[in-house]
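Visitor: Here it is, the structure, as C-alpha cells.
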Amino acid sequence: MPPVPNIKAAIKSVRQTERRRRRNLGAKTRLRTLYKKAVQDADPQFGRTVESQFDKAAGKGVIHRNKAARKKSRLAKALNAVAGAQPEQKAAKRTGRKKTATKKSPARSSARKRA
C-alpha cells in the first residue's frame, strides 16, 4: 500500500489522480480496440470515426497530441495498404505572393542607351 499523505489537500489530490488514471485507462483501452478493428475491417468510413476519437482523446488530455497524430498516420497508411491505394501526393505549396519585377541596374541600362 502506498504511503498516504498527511495534508488534506494532498489526500484529495491522490483521490483525484486515481480517479483520472482509471478514466484515462478505460479511454486508452477503447482507443486501442477501435484502432485494431479499423485496421481489420479496412473501412475508410470507420477509419475516419477512429481518427475523430483520437482527436477527441488528445483534446481532453487522455493521450498526447503527437501520439494521436502518429496513430492517425499509421492508421491511414494501413488502410491505404489494405485498399491497395497509394498515398496521395501533396500538391506543391504555394506561398500566395506575387513575383515582383526585378530592377535593372542603372549602369546596364545607360550602357544600352549609348549603343
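Visitor: Mind checking which residues of the range 35-55 are touching a residue at least 40 places away in the same chain (Cβ under 8 Å) and assigned to a helix (DSSP H, G or I)?
Guide: Tyr35, Ala38, Val39
Visitor: Quick check: anything in the range 65-76 of a type in the set (A, V, I, L, M), over 28 Å from Thr17 (Cα atoms) and assigned to a helix (DSSP H, G or I)?
Guide: yes
Visitor: Hey, another quick one. Could you look through the range 60-72, keep only residues that are at pLDDT 95 or above and of a type in the set (Gly, Ala, Ser), and pick out the one that is farthest from the chain's Cα centre (by Cα)?
Guide: Ala68
Visitor: I need a count of the residues in the range 2-27 that are assigned to a loop (DSSP other than H, G, I, E, B) and either of a type outside the set (A, V, I, L, M) or surrounded by 10 or more Cβ atoms within 10 Å (Cβ to Cβ) (or both).
Guide: The total comes to 4.
The values are calculated or read from the model by the stated rules, or taken from the named source; none is laboratory data. Just so you know, these numbers come straight off a predicted model, no measurement behind them. Counting neighbours? That spans all protein chains shown, and the Cβs are built from the backbone with ideal geometry, glycine included.
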